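**Student:** My structure is below; once you've seen it, I'll send some questions.
Computed from the coordinates by the stated procedures, all read-outs in this text should not be read as laboratory data. None of these values were measured; they are calculated from a predicted model. Neighbour counts run over all protein chains shown; Cβ positions are idealised from the backbone, glycine included.
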Amino acid sequence: MTMLRSIFAALLLLSGCGGATSDLTVPDDFVVLDEEWEDYQMRATNAHGAVLGVREVDNDVEGSLSFWVDAVKNRLRNRGGYALLEESDVSAASGHDGHQLRFGHDQNGSSYQYWVTLFVTPDTVYVVEAGGRTEVFEEAQPRVEQAIASLRLD
Amino acid sequence: MTTATYRESMRNVWWAAALAVLVGCGGSAYSYADEAGGTHGSARSAPSYDYRSEGGAAETVAASAPMPMADMEMSLGSSSGSGDFDDWESVEEEPEPQAAMEPAPERQQLAQAQPSGGQGATGTATQAQQQQATDAVDLSQPLLIYTAHLVLGVYEVEATQEAILGVVREVEGFLAQRSDQVIVVRVPAAQFQTALDRIEDAGDVLSRNVEAQDISEEYRDLAIRIRNAEAMRDRLERLLQQANTVEAALSVERELQRITEMIERMKGRLRFLSDRVAFSTITINFRALTQGEQINQDPFRLPFGWLDQLGLSTLLSL
C-alpha cells in the first residue's frame, strides 16, 4: 500500500478550526484530492467513484459520541431518506472509540452505500464519510475499512 | 354349555370389563390434577378409578360415559402376573396425593426432546441450533410465546432485509419465510427484545403489534395427560401379553393403537409449544418508501449546519 499521508494540521490552523488534526492512510487505489474543500479536511476517491471524506467540526456544545451518533442518524433517516442498514462500534488507530453507521440509499435508480463514522473529543467531532454506488463501494469496502481504522487523532 | 365354554365366555367378559375400565369406555376423558390441586377433565359426573402403577404413583382416569361396570374398581396386582384374570382384584378407592399427578422431571423434558425443525422450507437454522434453543425452555418460569408483527417503511427493501437477517444471525435466530415484501424470522426468546429493537432501527416503524401468550397451563396439562396416557399404554401392553384369546388380544391392540396415536398427537403439540416458546416469531412487512418521502414530518431541526451537509450528494460532488 502506498502510504499517502494526509496531514491537515496546517489547513486547520489556516482555517481557524482550533488546531484539531487527523491523519488517515488512504487505500492504494485512492488518490487524495489536493484542493481546499469548504466542508472537508480531506477527500479521496478511487477511479470508479468510491469516495472517502473527513470532516472536523468544532464540538462547541461538548456533545458526547452518543449525542452526535443520534443526531446524524436522525438527520439522515428522517430527513435524508437513508436506510440505516448496520451500525457498530469502531476504534481509531490512535485508540479513540467511535461509532459507524452504514446507510443504504437509492438515487437516480441506483443503489448507493453511505457510511458515516464518528469520533468525538471534547473539542472536535471527527466525521469520516465513505460512499459510492453499491457495486463499486462493496469492491472497495475492505480497503475503506482499513483506511478508517488507520485514523489517528491528535 | 360346557364348563370349558362357560369359563371361556366369562374370561372374555372379564377382558372386556378390564379394557373398558382402563380406557374409560373409549372416551378421551382423562382426569388429572394440576399443581393447585384442581382437577381437569371432560367428565365430571362419572366415577373415577385409581390405578396403581409399578412405581406406586397413581393416575386418575374418569369414565366419560355411563358404564355397565361403573362400580368396578380394579388395580393391577403385579407386573409379573400369571396372565390369568385372577391377578386382578377389586380394591377400595384409595385417594392419592395430588403431588403424584404432577409431571415427573423426565416428563417435563419430554417436549424438549425434539424440536419441530423450523417452520418453513426456507428456514436456515440447523437442527442443532434449534435443539439448543428448544432445550433452553425453562419450566420453572411462565411459558410465554412472543410474537411481533411490524410494518417498516424503508428505502431499500432488499438491503434492509439483508441487514435484518444479519441481526437475526447475530442472535442465533433463523429465517422462516421470505418474500419480496415480507420476511418471517424466528429468534431465541431470550433475544426477542434485542432483536426487535434492532430490527425497528432498520427502518421507520409504521405499525407494531407485539403479543405474549401464556401457555403455561396448557403445557403443564398436556405433560400430565401424556404421562397418564403412557401409563395406560404400559398397562395395555401388559394386558396384551396376558391375553389368551384372539378376540381379547385384538380388542386390546385396537385400544393400544388408539392410545399410542393419541400420545403421539399430544407429544407433537408439546413439541410445537416448546418450539414456539423457545423461538419467538417476528413478522416484518416492508413498505418501500420513495425518494424524499418522509415518514416523520417532525419540524424539529438541530442547529448544526454541518448535519444538513451530510449525504452522498455532498460527498460525491468532487
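**Student:** Hey, can you rank A:117-124, B:208-215, B:141-148, A:61-68 by average C-beta count inside 10 Å, highest first?
**Tutor:** The densest-packed peptide leads the list: A:117-124, B:141-148, A:61-68, B:208-215.
**Student:** Quickly estimate the mean residue ellipticity at 222 nm for chain A, helices only: each DSSP H run with n ≥ 4 gives -39500 (n - 2.57), and the total goes over all residues, rounded to 500.
**Tutor:** On the way: 3 runs with 33 residues, N = 154.
Result for chain A, helices only: -6500 deg cm²/dmol.
**Student:** Can you give the FRET efficiency to the nearest 0.05 for B:VAL182 and A:ASP70, using r as the Cβ-Cβ distance and R₀ = 25 Å?
**Tutor:** Once rounded, the FRET efficiency stands at 0.25.
**Student:** Roughly how crowded by other chains is peptide A:69-82, in terms of the mean Cβ count from those chains within 10 Å of each of its Cβ atoms?
**Tutor:** 6
**Student:** Based on Cβ point charges of +1 for Lys and Arg and -1 for Asp and Glu, what charge dipole magnitude is obtained for region B:137-266 about its Cα centre, in debye rounded to the nearest 20?
**Tutor:** For this selection, approximately 600 debye.
**Student:** Go ahead and run the numbers for FRET between B:LEU144 and A:SER88, Cβ-Cβ distance against an R0 of 45 Å, rounding to 0.05.
**Tutor:** Using R0 = 45 Å, I get an efficiency of 0.90.
**Student:** Right, another one. On a C-alpha basis, how far is the centre of region A:93-128 from the centre of region A:140-154 in Å? Whole number, if you could?
**Tutor:** Each part's Cα centre sits 11 Å from the other's.
**Student:** I need the calculated FRET efficiency for the pair A:ASP154 and B:GLN193, taking r as the beta carbon distance and R₀ as 41 Å, to the nearest 0.05. Each step should come with its number before you reach the end.
**Tutor:** Values: r = 41 Å, r/R0 = 0.99.
The value I calculate is 0.50.
**Student:** I've got another one for you. Quick one: Cα centre-to-centre distance for region B:246-280 and region A:36-76, in angstrom?
**Tutor:** Measuring centre to centre over Cα atoms gives 64 Å.
**Student:** Is the shape of chain A rounded, prolate or oblate, going by the alpha carbon gyration tensor and its root eigenvalues a ≥ b ≥ c, with a/c under 1.5 for rounded and a/b larger than b/c for prolate?
**Tutor:** oblate
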